[in-house]
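A short worksheet on the structure shown next.
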Amino acid sequence: MGKFEPNTYAIITGASSGIGREIAQELAKKQLNLILVARRRDRLEALKKKLETEYSIKVIVKDVDLSVMENCVRLHAETIDYHPIIVINNAGFGQIGPFDEGSLVKEQAMIAVNISAVHLLTRLFVDTLSEGIILNVSSMAGFLPTPLMATYAASKAFVVNFSRAIDFEMRREKRRIRVLSLCPGPVKTEFGLVAHGRETGRGIDASRAAKIAVRGIEKEKALIIPGIQMKVVHFFLRLLPTRWILTFAYRLQKNK
Ligand SMILES: NC(=O)c1ccc[n+]([C@@H]2O[C@H](COP(=O)([O-])OP(=O)(O)OC[C@H]3O[C@@H](n4cnc5c(N)ncnc54)[C@H](OP(=O)(O)O)[C@@H]3O)[C@@H](O)[C@H]2O)c1
């Protein structure tokens, strides 16, 4: 079965806004049916209506809080019979500020959504799909320890390393499942609003990030880094001493 076989299903978490919403539009253009997941049902319903009207596809809406692991288990159980060919673990958020001043409750929820839900859903779909693509959304922050955003960056380091390792295993075992990572730099979404209460206005458009993500899925690229600028940053991050990276990352976050 092809990746973009019309009428097959794709699941996208965090589809109510930003990158997830734009990926949904890109996959709808390719005539995939969609299962849209997030907490804000009104937004998902509005997107469902738009995509069904514009592209004549089927869209299912699931309002789920992914910080609760029972909900992730239920989401998998309720969607596996649609035999999704693409699963995109995109839902996530950050918190910017000094580690000892931020909300502990928010950080624990962040770990649940950014790490535990991605871990659990990846495992459940790897166990039950015979073929398909799982795209886990990490970040450029996953490549560097980031003062003033320590937990978020570490959560994204988990996502990229976890996904790359499993992808290697899948290929070695000749399974017809790929586990890809998307690592964007700054993207204009509601991320800044959630992370520190204001939009940064920096970065590429979410629609551009989504187009690159979908092209990456098409080509089955293990590591998808949108934009030449971020590819260059990624290259240099591997060469520079960690101390320099820490100072650079600290200044970058402080300016926010
Ligand atoms: N924007 C950037 O600069 C950037 C850069 C690199 C990586 N990323 C990553 O890209 C992904 C998408 O973020 P975005 O930039 O598009 O931000 P966004 O516009 O804030 O979108 C985040 C999405 O995650 C969903 N979400 C958050 N908490 C959830 C929960 N507990 N349960 C279910 N869904 C939840 C939100 O939906 P509800 O609020 O409706 O639940 C929303 O749809 C994230 O993983 C983020 O870390 C973003």
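The values are calculated or read from the model by the stated rules, or taken from the named source; none is laboratory data. Everything numeric in this text was worked out from a predicted model, so none of it was measured. Positions of Cβ are generated from backbone atoms using ideal geometry, with glycine treated the same way; all protein chains shown enter the neighbour counts. Areas reflect the complete protein model, heavy atoms only, side chains present, ligands, DNA and RNA absent. Shrake-Rupley method; radii C 1.70, N 1.55, O 1.52, S 1.80 Å.
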(message) Just the residues that are of a type in the set (A, V, I, L, M) and either outside any helix (DSSP H, G or I) or within 26 Å of Gly185 (Cβ to Cβ) (or both), please, taken from the range 40-50.
(response) Leu47
(request) For Pro98, state whether it is in a loop (DSSP other than H, G, I, E, B), within 23 Å of Val214 (Cβ to Cβ) and away from the ligand (no atom under 16 Å from the Cβ). (result) no
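Okay, residues lined up against (1) more than 15 Å from the ligand (Cβ to nearest atom); (2) under 14 Å from Glu22 (Cα atoms); (3) of a type outside the set (Ser, Thr, Tyr):
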residue: Val37; (1), (2), (3): no, yes, yes
residue: Arg40; (1), (2), (3): no, no, yes
residue: Lys50; (1), (2), (3): yes, yes, yes
residue: Lys58; (1), (2), (3): yes, no, yes
residue: Val68; (1), (2), (3): no, no, yes
residue: Arg74; (1), (2), (3): no, no, yes
(message) Whether any residue in the range 160-180 is within 11 Å of the ligand (Cβ to nearest atom) and under 14 Å from Ile19 (Cβ atoms) is what I want to check.
(response) no
(message) Of everything in the range 25-39, what is closer than 22 Å to Ser56 by Cβ and either touching a residue at least 60 places away in the same chain (Cβ under 8 Å) or not in a helix (DSSP H, G or I) (or both)? Give them in sequence order.
(response) Gln25, Glu26, Leu27, Lys30, Gln31, Leu32, Asn33, Leu34, Ile35, Leu36, Val37
(request) Identify, by number, the condition in (1) of a type in the set (A, V, I, L, M, F, W, C); (2) modelled with pLDDT of 95 or more; (3) surrounded by fewer than 21 Cβ atoms within 10 Å (Cβ to Cβ); (4) closer than 17 Å to Glu22 by Cβ that Ala154 doesn't meet. (result) (4)
(message) Just to be sure I understand, how many residues within the range 51-69 are loosely packed, with under 15 Cβ neighbours inside 10 Å and assigned to a helix (DSSP H, G or I)?
(response) 3
(request) For the range 152-159, state whether one or more residues are touching a Cys at 6+ places or on another chain (Cβ under 8 Å), in contact (Cβ under 8 Å) with a residue 40 or more places away in the chain and among the aliphatic types (A, V, I, L, M). (result) no
(request) Could you figure out which of (1) open to solvent by 10 Å² or more (accessible area, probe 1.4 Å); (2) among the hydrophobic types (A, V, I, L, M, F, W, C); (3) closer than 28 Å to Phe248 by Cβ isn't true of Phe168? (result) (3)
(request) Inspect the range 161-173 for any residue being free of Cβ contacts under 8 Å to residues at least 12 places away in the same chain, part of a loop (DSSP other than H, G, I, E, B) and on the phi > 0 side of the Ramachandran plot and give the result as yes or no. (result) no
(message) What's the number of the only condition in (1) within 14 Å of Gly132 (Cβ to Cβ); (2) touching a Lys or Arg at 6+ places or on another chain (Cβ under 7 Å); (3) open to solvent by 20 Å² or more (accessible area, probe 1.4 Å) that Ile85 fails to meet?
(response) (3)
(request) All but one of (1) open to solvent by 20 Å² or more (accessible area, probe 1.4 Å); (2) touching a helix residue (DSSP H, G or I) at 6+ places or on another chain (Cβ under 8 Å) hold for Glu78, so report the exception by its number. (result) (2)
(message) Show the residue pairs meeting these rules: Cβ distance below 6 Å; 6+ apart or different chains; first residue within the range 103-116 and more than 15 Å from Val73 (Cα to Cα) and of a type in the set (Gly, Ala, Ser); second residue crowded, with 17+ Cβ neighbours inside 10 Å and at pLDDT 95 or above.
(response) Ala109/Ser67
